[in-house]
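Below is one structure, written out as structure tokens; the observations come after it.
The values are calculated or read from the model by the stated rules, or taken from the named source; none is laboratory data. Every value quoted in this text rests on a predicted model; they were computed, and no experiment measured them. Here the Cβ is made from the backbone with ideal geometry for all residues, glycine too, and neighbour counts use every protein chain on show.
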Amino acid sequence: MSSQPTGGSRVSLKDVKKAFGDNVVLQGIDLEIPAGQFLSIVGKSGCGKSTLLRLMIGLDSVTAGVLDAPALKEQAARIVFQEPRLLPWASVKDNVAVGLGEGQSGQAADQQAAAILDEVGLKGREGLWPSQLSGGMRQRVALARALVSQPTLLALDEPLGALDALTRIDMQALLEGVWQDLGFTALMVTHDVGEAVALGDRVILIDHGQVVLDLAVDLPRPRKRGTPEFAALEGQILDKLFGDDPRAREAH
Amino acid sequence: MAATASEGPLSRALPWLVPLALIILWQVSSSLGWLPPNILPAPTAVLQAAWLKLQDGSLVDNLGVSFARAMSGLIIGGAIGFSLGLLNGLSKRAEMLLDPTLQMIRNIPHLALIPLVIIWFGIGESARLFLVALGVFFPIYLNTLHGVRNVDPQLIEMGRIYGMNNRTLFLKVILPGALPSIFVGLRFALGVMWLTLIVAETIAANSGIGHMAMAAREFMQTDIVVLSIVIYAILGKLADSATRALERKFLAWNPAYAKV
């Protein structure tokens, strides 16, 4: 048994501004994200990309402007953090059940949890403690917990940032597969430009609180790194990120 | 963590070798007359005293009385400490109101209150209960407070994002997160509990293991004095093992407790 497609929902921002006191973090953000799109958000540390993500998922409120996301009203928005944030004292299954919310138990809930665990490749591990799982598997549990309530909007805040390079490649493929199966709108913040291009239908670059680049990625999936088209897109983003400083680019 | 040395019958016997050797040395010294019985009676004499006290029923009676006192004091003091620890851990305002006072009182050795307690309560049961309850209160209070305060804030944020109400958040995130620390408090409290009870029973009591020891001292019955000490040691060890068993059951998720 596998999970049924849930579909996605759109997000639109019009002239959105976010400030913490006098500190303006985001300004003049205009974005239309159609339902089902995989949006990658890149930028340097402190550029405001995580704040933008938190706004779109309803964890923070906008200071000015209009944010319209039907998923927020339907409570169909979920987030996966860089750390899995699993309850260490709850089994894999019980951790996933947290995603179902209050008063959701019984056979239907069990079936939903089992289906989503199957979807993320954790079938048969329902009874394990988080401490018995590898880092990649823990993040899969976190993903299952976010997806078990069938959200139409999923935010991913550097979801693979804490994993080793090989596990990352695995998890990127998994994430892409799950997104293709379920069809939710995905918003992923990452500092890895290659990852942004590999997964995103579209990559936006945030710098000093503004969208400075909005790039459609029109490559067939699954994408192969190292092709000229892939490298060209990566190069375009890196150019914009680091300007003409070749050493900074080299380091990336 | 010497994981390699944890298997085999030899390594299992290892912790018992030194105590066993000491007892044999003790017995031999007594049998050869190096240790006069009025200083330290032989282990066999202590066993004999235990047998006599078992037969006339006084050992079981005194043991029961001491155990009941210890448990009542633990439950009363522990419950108050646990509740206040939760309250102050969950509410910043309550902590600001109460914690400084409690921290101040904590620095008074509770046994220093014995003269005052005797004046307040006389030498009856309530005086002993008060002392035990006061003694166990602080380790439980401090460790509950510490445990609640140190629950990973990222988990609490996660719980809120997933729509947990306060009750669910407490039951599923905060309490299980604080539990390892609460168990540390419980183990400290058990140590304080026996210590306080011994002192309270030797000073003023007409029953209990401490009283049995003091009464025996009057008649120079060193075998019974030693017997009382051994019983305290056994009770302390049993309480500790019980807590360990509880930890293994409730903290099985934690690799540090899974197999000890």
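Which number in (1) closer than 30 Å to A:GLY101 by Cα; (2) among the β-branched types (Val, Ile, Thr); (3) at pLDDT below 90 marks the one condition that B:ILE203 misses?
(1)
Return yes when A:GLY121 is in contact with a Lys or Arg (Cβ under 8 Å, 6 or more places away or on another chain), in contact (Cβ under 8 Å) with a residue 40 or more places away in the chain and not in a helix (DSSP H, G or I) and no when it is not. Lay out the reasoning, then the answer.
Numbers: in contact with a Lys or Arg (Cβ under 8 Å, 6 or more places away or on another chain): yes; in contact (Cβ under 8 Å) with a residue 40 or more places away in the chain: yes; not in a helix (DSSP H, G or I): yes.
Yes.
For A:ILE237, which of the numbered conditions (1) over 13 Å from A:ILE41 (Cβ atoms); (2) of a type outside the set (Asp, Glu); (3) touching a strand residue (DSSP E or B) at 6+ places or on another chain (Cβ under 8 Å); (4) at pLDDT below 95 fails to hold?
Here A:ILE237 clears every test but (1).
Mind listing just one residue for me: the one in region A:97-108 that is part of a loop (DSSP other than H, G, I, E, B) and facing chain B (nearest Cβ under 7 Å) and, of those, farthest from A:ARG168 (Cα to Cα)?
Taking region A:97-108 and keeping what is part of a loop (DSSP other than H, G, I, E, B), we get A:99-106.
Subset that is facing chain B (nearest Cβ under 7 Å): A:99, A:101-102.
Working: A:GLY99: 24, A:GLY101: 29, A:GLU102: 32 Å.
Selected residue: A:GLU102.
Give me the strands (runs of 3 or more DSSP E) completely within region A:34-96, filtered to those with at least 2 residues that are aliphatic (A, V, I, L, M) and more than 14 Å from every other protein chain (Cβ to nearest Cβ), ordered by residue number. Let's see the steps before the verdict.
Details: elements: A:38-42, A:64-68, A:77-80.
Counting at least 2 such residues, we get A:38-42, A:64-68.
Inspect all residues belonging to region B:29-45 and state whether any of them is surrounded by 17 or more Cβ atoms within 10 Å (Cβ to Cβ), in contact (Cβ under 8 Å) with a residue 24 or more places away in the chain and part of a helix (DSSP H, G or I).
Yes, because at least one residue in region B:29-45 is surrounded by 17 or more Cβ atoms within 10 Å (Cβ to Cβ), in contact (Cβ under 8 Å) with a residue 24 or more places away in the chain and part of a helix (DSSP H, G or I).
Kindly indicate whether A:LYS14 is surrounded by 23 or more Cβ atoms within 10 Å (Cβ to Cβ) and at negative phi. Before the answer, list the steps.
On the way: surrounded by 23 or more Cβ atoms within 10 Å (Cβ to Cβ): no; at negative phi: yes.
Answer is no for this residue.
Are any residues in region B:165-187 more than 10 Å from chain A (Cβ to nearest Cβ) and either within 14 Å of the chain's Cα centre (by Cα) or among the β-branched types (Val, Ile, Thr) (or both), and if so, which ones?
So the first thing to find is which residues in region B:165-187 are more than 10 Å from chain A (Cβ to nearest Cβ), and the list is B:166, B:169-171, B:174, B:178, B:181-187.
Of everything in region B:165-187, those that are more than 10 Å from chain A (Cβ to nearest Cβ) and either within 14 Å of the chain's Cα centre (by Cα) or among the β-branched types (Val, Ile, Thr) (or both) turn out to be B:ILE174, B:ILE182, B:PHE183, B:VAL184, B:GLY185, B:LEU186, B:ARG187.
Does B:VAL148 qualify as being more than 13 Å from chain A (Cβ to nearest Cβ) and at pLDDT below 95?
Details: more than 13 Å from chain A (Cβ to nearest Cβ): yes; at pLDDT below 95: no.
The answer is no for B:VAL148.
For region A:164-251, which fully contained strands (runs of 3 or more DSSP E) count at least 1 residues that are in contact (Cβ under 8 Å) with a residue 60 or more places away in the chain and among the polar types (S, T, N, Q)? Walk me through it before giving the result.
Values: elements: A:185-189, A:202-207, A:210-216.
Hits in region A:164-251: A:185-189, A:210-216.
Between a first residue in region B:159-188 that is touching a residue at least 12 places away in the same chain (Cβ under 8 Å) and of a type in the set (D, E, K, R) and a second residue that is crowded, with 18+ Cβ neighbours inside 10 Å and in a loop (DSSP other than H, G, I, E, B), which pairs have beta carbons less than 9 Å apart while being 6 or more apart in sequence or on different chains?
Cβ pairs passing all conditions: B:LYS172/A:LEU87; B:LYS172/A:TRP89; B:LYS172/A:ALA90; B:LYS172/B:MET164.
Take region A:182-191 and flag every residue that is surrounded by fewer than 18 Cβ atoms within 10 Å (Cβ to Cβ) and more than 14 Å from A:PRO151 (Cβ to Cβ).
Just the residues of region A:182-191 that are surrounded by fewer than 18 Cβ atoms within 10 Å (Cβ to Cβ), to begin with: A:183, A:191.
Matches in region A:182-191: A:HIS191 only.
Being of a type in the set (Lys, Arg) and either within 14 Å of chain A (Cβ to nearest Cβ) or surrounded by fewer than 17 Cβ atoms within 10 Å (Cβ to Cβ) (or both): is that true of B:ARG128 here?
Numbers: of a type in the set (Lys, Arg): yes; either within 14 Å of chain A (Cβ to nearest Cβ) or surrounded by fewer than 17 Cβ atoms within 10 Å (Cβ to Cβ) (or both): no.
Taking the combined requirement at face value, the residue does not satisfy it.
If A:LEU86 satisfies all but one of (1) surrounded by fewer than 23 Cβ atoms within 10 Å (Cβ to Cβ); (2) touching a helix residue (DSSP H, G or I) at 6+ places or on another chain (Cβ under 8 Å); (3) not polar (S, T, N, Q), what's the number of the condition it fails?
Of everything listed in (1) surrounded by fewer than 23 Cβ atoms within 10 Å (Cβ to Cβ); (2) touching a helix residue (DSSP H, G or I) at 6+ places or on another chain (Cβ under 8 Å); (3) not polar (S, T, N, Q), A:LEU86 misses just condition (1).
Under 8 Å by Cβ, and 6 or more places apart or on different chains, what pairs join a residue from region B:140-158 that is closer than 20 Å to A:LEU87 by Cβ with one that is hydrophobic (A, V, I, L, M, F, W, C) and assigned to a loop (DSSP other than H, G, I, E, B)?
Taking only residues 6 or more apart or on different chains, the pairs are B:GLN154/A:PHE81; B:LEU155/A:LEU87; B:MET158/A:PHE81.
Can you tell me how many residues in region B:1-33 are at pLDDT 90 or above and among the aromatic types (Phe, Trp, Tyr)?
Total satisfying the criteria: 1.
For region B:202-260, name all the residues that are within 14 Å of chain A (Cβ to nearest Cβ) and in a helix (DSSP H, G or I). Before you say what the answer is, go through the steps one by one.
Kept after step one, since they are within 14 Å of chain A (Cβ to nearest Cβ), are these residues of region B:202-260: B:247-259.
Correct list: B:GLU247, B:ARG248, B:LYS249, B:PHE250, B:PRO255, B:ALA256, B:TYR257, B:ALA258.
Among (1) crowded, with 16+ Cβ neighbours inside 10 Å; (2) under 15 Å from the mean Cα position of the chain (by Cα), which single condition is A:LEU213 missing?
Checking A:LEU213 against (1) crowded, with 16+ Cβ neighbours inside 10 Å; (2) under 15 Å from the mean Cα position of the chain (by Cα), the one that fails is (2).
Test of understanding: among A:GLY127, A:GLY135, A:GLY99, which residue is closer than 28 Å to B:ALA178 by Cα and in contact with a strand residue (DSSP E or B) (Cβ under 8 Å, 6 or more places away or on another chain)? Can you show your working first?
Values: A:GLY127 fails: in contact with a strand residue (DSSP E or B) (Cβ under 8 Å, 6 or more places away or on another chain); A:GLY135 fails: in contact with a strand residue (DSSP E or B) (Cβ under 8 Å, 6 or more places away or on another chain).
On inspection, the qualifying residue turns out to be A:GLY99.
Applying the selection to region A:4-33, what residues are polar (S, T, N, Q), more than 19 Å from A:ALA155 (Cβ to Cβ) and outside any strand (DSSP E or B)?
Within region A:4-33, just A:GLN4 meets the criteria.
Got a number for residues in region B:199-225 being farther than 20 Å from B:GLY57 by Cβ and of a type in the set (A, V, I, L, M, F, W, C)? Before you say what the answer is, go through the steps one by one.
First, the residues of region B:199-225 that are farther than 20 Å from B:GLY57 by Cβ: B:199-200, B:202-204, B:217-218, B:220, B:222.
Filter again for of a type in the set (A, V, I, L, M, F, W, C), leaving B:199-200, B:203-204, B:220.
Within region B:199-225, residues that are farther than 20 Å from B:GLY57 by Cβ and of a type in the set (A, V, I, L, M, F, W, C) number 5.
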